[in-house]
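S.K.: Below is a structure I'd like to ask you about.
The values are calculated or read from the model by the stated rules, or taken from the named source; none is laboratory data. Being a predicted model, the structure only gives us computed values, none of them experimental. Ideal geometry is used to build each Cβ from the backbone, glycine not excepted, and the neighbour counts take in all protein chains shown. Heads up: the accessible areas ignore ligands, DNA and RNA and are worked out on the full protein's heavy atoms, side chains in. Shrake-Rupley method; radii C 1.70, N 1.55, O 1.52, S 1.80 Å.
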Amino acid sequence: MYIKLQNVGAIKEATVDLTGLSVIAGKNGTGKSTIGKTVYTIIKSIQEQDKIVAKKQRDFIEWACKNIYFQLQGFISRAASVQQSVNSDTELLESSFQYGAFEQQLTQHVFEEKDLNTAYALIDSRIVSVDKFSEIVDDPTKSKVKEILKSIKDKLVPIDTGTALKESLLFMYQNVFDGQINNLKSHITSEVDFSGLLKYSVSNNADTMSFSDRLKITYADTQIQQKVFQDATFIETPLVLQIEKIRNIEALPIYWKDLLRKVTMQSIDATLQNDNVKEVVTDVSNALGGSLEYNTNTRRFEFIKKDFGNGANVSIGNAASGEKILGIFQRLALKGLFGPDKILILDEPENHLHPEWLAVLAEVLVKLSIAKCPILVTSHSPDLLQAIRYYAKKHGLSQLKMYLADSKTQVVEDKTGREYEIFDNLSKPINDIFKFSVEEAFA
């Protein structure tokens, strides 16, 4: 499995292996995160396309029903203010388009009963009822309401797999990238190839075309859902655990919401995949001195520390950032969310770790990779890279790839076996400072 990008974000060209443990190193702004987010976007688009299409349909139905109700209500309310007779219109409005009720009827027929014919009949009956409103509602408004009702029918028409995949990609790109994937330094079309199973392009003329029109799927394998990873988890920051009252998360990035959903799951997979994953849970638990738990009553995370007698609860806000990142790994492992068909994407995890725990994380990543769990890591830490190389050699991990995202060439190049080039790129500023300090000391 691989991902190939051309002219995407800050990247001119990149091809990254996704079958083992792959590390992309580089300075800030070189496109490392873009690769991880693109992988996440593709996997989620493929595996959740039915849910995404259904969500877009639900959202449209909600918007349309509310739009119709308030347009008609506006006319009737204005008429009432000048003493006109509006009783019959009000009764018709509430019986046909009652706020919330019409929407609920439609969604029940479409999503629960899977009965499109009844949903279509319901819409047709409402189209007929529009003409029964008095002259209080003018003809242009009646026509507009009918158009909205007809557009609901159009939106509910079953779509083919290719169209569903494009709709899903559009939704995910808008949520993950805000629709911005083109290279800002050129006007060349961006191209993405996911292991030969999915290929698509995005033209760079946003000033004249919508994102929907610019995104073109050039190839999609008919069995793509069975051939790619079944899930992806993107970890950008452990601070997501501090979101108060987990129920109010709609404004968060979609990959934050996905991670929160996973770590708040209550079920525990007692049949962990293999001894390596069990070791990961043990290693993390020992480092933490306890476990990360989710309190369903307060809807908050907390650490249960074994060091404090029989265990004490420590508020997530009082826990170190490094504890949060390891706690996330602990819960994902316990929930059975590491496996050969699930890819883990870590975006610069070293930002929150003391060197001691950085070493713990590096060994955890190596053990998970040995357990056949695909992992993609982006980093600008020479220490993390060295730790990963050390534990890979110690535990005999063969599937380790090291890449360098070069800011000058805009190319992500495989440096496996030539890791010294990565360290030279990342360490030069610090080495210059160290050299100055030494020279100053001996001056």
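S.K.: Of everything in region 172-191, what is crowded, with 19+ Cβ neighbours inside 10 Å and either at pLDDT below 90 or assigned to a helix (DSSP H, G or I) (or both)? Give them in sequence order.
M.R.: Scanning region 172-191 gives M172, Y173, V176, I181, N182, N183.
S.K.: Would you say D131 is touching a Phe, Trp or Tyr at 6+ places or on another chain (Cβ under 9 Å) and more than 20 Å from F60 (Cβ to Cβ)? Quick ask: steps written out before the conclusion?
M.R.: Numbers: touching a Phe, Trp or Tyr at 6+ places or on another chain (Cβ under 9 Å): no; more than 20 Å from F60 (Cβ to Cβ): yes.
The answer is no for D131.
S.K.: Restricting attention to region 1-49, report how many residues are more than 20 Å from N351 (Cβ to Cβ) and among the aromatic types (F, W, Y).
M.R.: 1
S.K.: Cβ contacts < 7 Å: first residue without any contact (Cβ under 8 Å) to a residue 12 or more places away in the chain and over 15 Å from S151 (Cβ atoms), restricted to region 109-129; second residue of a type outside the set (K, R) and open to solvent by 30 Å² or more (accessible area, probe 1.4 Å), any location; separation 6+ or different chain. Result?
M.R.: D115/H109; T118/H109
S.K.: Which members of region 186-234 meet the condition of being acidic (D, E) and under 30 Å from V263 (Cα atoms)? Give the derivation first.
M.R.: We begin by selecting, within region 186-234, every residue acidic (D, E); these are 191, 193, 207, 213, 221, 231.
D231 - this is the single residue of region 186-234 that is acidic (D, E) and under 30 Å from V263 (Cα atoms).
S.K.: Quick test for you: out of K27, K51, pick the one residue that is more than 24 Å from F338 (Cβ to Cβ) and surrounded by fewer than 24 Cβ atoms within 10 Å (Cβ to Cβ). If you could, list the steps in order and put the result at the bottom.
M.R.: Working: K51 fails: more than 24 Å from F338 (Cβ to Cβ).
Every option except K27 fails the conditions.
S.K.: Those residues that are farther than 14 Å from S379 by Cβ and hydroxyl-bearing (S, T, Y), I need them from region 10-39; list them, please.
M.R.: Matches in region 10-39: T15, T19, T34, T38.
S.K.: Looking only at region 263-282, how many residues end up being at pLDDT 80 or above, polar (S, T, N, Q) and touching a helix residue (DSSP H, G or I) at 6+ places or on another chain (Cβ under 9 Å)?
M.R.: Of the residues in that region, 1 qualify.
This table checks each residue for (1) within 30 Å of D139 (Cα to Cα); (2) part of a strand (DSSP E or B); (3) touching a helix residue (DSSP H, G or I) at 6+ places or on another chain (Cβ under 6 Å).
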{"position": "I3", "(1), (2), (3)": "no, yes, yes"}
{"position": "T19", "(1), (2), (3)": "no, no, no"}
{"position": "I24", "(1), (2), (3)": "no, yes, yes"}
{"position": "N28", "(1), (2), (3)": "no, no, no"}
{"position": "D59", "(1), (2), (3)": "yes, no, no"}
{"position": "A64", "(1), (2), (3)": "yes, no, yes"}
{"position": "A80", "(1), (2), (3)": "yes, no, no"}
{"position": "S88", "(1), (2), (3)": "yes, no, no"}
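S.K.: Quick check on my filter: what residues within region 104-140 are part of a helix (DSSP H, G or I) and among the charged types (D, E, K, R)? Even if it seems obvious, please write down each step before you answer.
M.R.: The initial filter retains those residues of region 104-140 that are part of a helix (DSSP H, G or I), namely 104-112, 116-130, 139-140.
Hits for region 104-140 are E112, D124, R126, D139.
S.K.: Can I ask one more? Output the number of the condition that S143 fails; it satisfies all remaining conditions of (1) over 40 Å from the mean Cα position of the chain (by Cα); (2) assigned to a helix (DSSP H, G or I).
M.R.: (1)
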